[in-house]
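Every read-out reported here was derived from the displayed coordinates using simple, explicitly stated rules and does not represent laboratory data. Computed from a prediction, not measured in an experiment: that's the story for all the values here. Here Cβ is always computed from backbone atoms with ideal geometry, including for glycine, and neighbour counts include all displayed protein chains.
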Amino acid sequence: MKISIISVWVGLLPVTALLFSLLLAAPPALEAANPPARPSIQRVEQTDFGKTSDGTAIKLFTLRNAHGMVAKVMTFGAILTELQVPDRNGSAANVVLGFDNLDRYLKGNPAFGITVGRFANRIAKARFTLDGREYLLAANSGSHHIHGGRKGFDKVVWSGEALPPLNHQSAVQFSYTSPDGEEGYPGTLRVKVTYTLTDDNELRIDYTAATDKPTPINLTNHSYFNLAGSGDVLNHELWLNADRYTPADNDLIPTGEIASVKGTPLDFTKPTAIGARIEQLKPRPGGYDHNFVLNHSGRSLALSARVLEPKSGRVMEMSTTEPGVQLFTANFLNGSIVGTGSVAYPQHGGFCLETQHFPDSVNHPNFPSAILRPGQTFNSTTVFKFSTQ
Ligand code: BGC
């Protein structure tokens, strides 16, 4: 397997380390004049991750930070395949569901780690009207459209490049041009997704896009997290900064109402185990699969969720610029899928926090608009920050 180290910092490590120890041994006056350079271990590695059926080579990027976190992202679907996070004893585990080989992703991926687009979640009856014209989309969930259609952004090959290393962070940027009419959507859409791993233990995902015709857009990441690294997530304690949600019908299409979570199993305004009330959501929708209306308004990054896994002590905080989040608890997994590290994924083996504009918002004028027009730039950011307690 071909490995090319992108970051020059790695090559400079021995020199930096020598300089560092010389400076440490130097008298205080010298130290003050020449503060020791902090040796940086940040780097991005690029490896070959196999080929698609038409022979396109897929690249995998491995990002590392100074505290033992490792994130792996690939050009197929701009997918996050792995995320290693230390527990309270410093022992790392993979906290996202995924596979360690491309073939398994190509055979049918239940949305593990994918970048979702052009429109995350559902569009009712696979149609919408924009500026007086009706558009028909690919129907890939019964009569409805979900996650961008049959060949959404998760099934296309993106171009990917490591960004020049900065102090205390490393980043990879993926670009994709979605042609006019793709899956029924209007306009050529140029999209960029940037994954950044910082020394503050944050995995930051920035999305930008521009279009040449008005189009709906709703981008998200569909990682299934499991802060224990295996088993189910029913003991994970979740706090969600959401007093309201968007009720939906049996097909999970919003009714258009915005309702209070009070007195329902959706009230996570106080930290509560994911499994505490999940049985009340069976048989339909089979667990959590709901869009929450986040309490922040406007477009600034706001702390929106906190999850604690009590045994490992791992904590994940999610901040986003988006107005909503879909909490999904892997309701259909049943142990038959075996992923990275030979871990079998049981029902509720992960939880997703899919930051988003509300499902079907193109058909609900009372929901925040998800329309991008020529001349505008689409911006969206979500940060997953890890710590232990
Ligand atoms: C949806 C689920 C769906 C899953 C995988 C989630 O965003 O809300 O209903 O099963 O994605 O596509």
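Of HIS236, HIS67, HIS357, the residue with the greatest mean-square motion in the GNM of the chain, using alpha carbon springs below 10 Å, is HIS67.
Annotation: Cα Rg of the chain relative to the compact-globule expectation 2.2 N^0.38 Å equals 1.02. From least to most packed, judged by other beta carbons within 10 angstrom and beginning with the fewest, THR194, THR320 follow the order THR194, THR320. Quick check on the range 222-339: take the gyration tensor over C-alpha atoms, sort the square-rooted eigenvalues as a ≥ b ≥ c, and tell me if it's rounded (a/c under 1.5), prolate or oblate. Taking the square roots of the gyration eigenvalues as a ≥ b ≥ c, the range 222-339 is oblate. Taking amide H as placed 1.01 Å from N in the peptide plane, the amide H of TYR224 sits under 5 Å from that of LEU97, GLY113, each at least 5 places away or on another chain. The range 196-238 and the range 340-389 have Cα centres separated by 6 Å. Once you've got the GNM for the chain with C-alpha springs shorter than 10 Å, pick whichever of PHE153, PHE119, PHE99 has the biggest mean-square fluctuation. Comparing PHE153, PHE119, PHE99 in the GNM, the peak value goes to PHE99. Going Cα to Cα from LYS151, which aspartates and glutamates come in below 12 Å? Please leave out same-chain ones fewer than 8 positions away. Leaving aside aspartates and glutamates fewer than 8 places away in the same chain, those within reach of LYS151 are GLU182, GLU183.
Which cross-chain or sequence-distant (5 or more) residues have an amide H under 5 Å from the amide H of THR355, H modelled 1.01 Å from N in plane? Answer set, sorted by chain and number: ASN221, GLN326. Using C-alpha pairs under 8 Å with a sequence gap of at least 6, the mean separation divided by the residue count of the range 44-388 gives a relative contact order of 17 percent. How far is it, in nm, from the label point at VAL70 to the one at ARG190 when both lie 7 Å from their Cα along the line to the Cβ? Simple spin-label model gives 3.6 nm for this pair. Once backbone amide H atoms are built at 1.01 Å from N, VAL44 has ILE6, SER7 as its partners under 5 Å, excluding neighbours fewer than 5 places away on the same chain. Computed from Cα positions, the angle between helix 8-25 and the longest principal axis of the chain comes to roughly 50 degrees. The magnitude of the dipole of the range 44-388, with charges of +1 and -1 set on the Cβ of Lys/Arg and Asp/Glu and taken from the Cα centre, is near 180 debye.
Applying 0.36 nm per residue to the separation of LYS311 and ARG299 and subtracting their alpha-carbon distance, the gain on full extension is 0.8 nm. Which aspartates and glutamates, on any chain, are close to LYS107 with Cα under 19 Å apart, when same-chain ones fewer than 8 places away are left out? Answer for LYS107, where 19 Å is the Cα cut-off: ASP48, ASP54, GLU82, ASP154, listed by chain and number.
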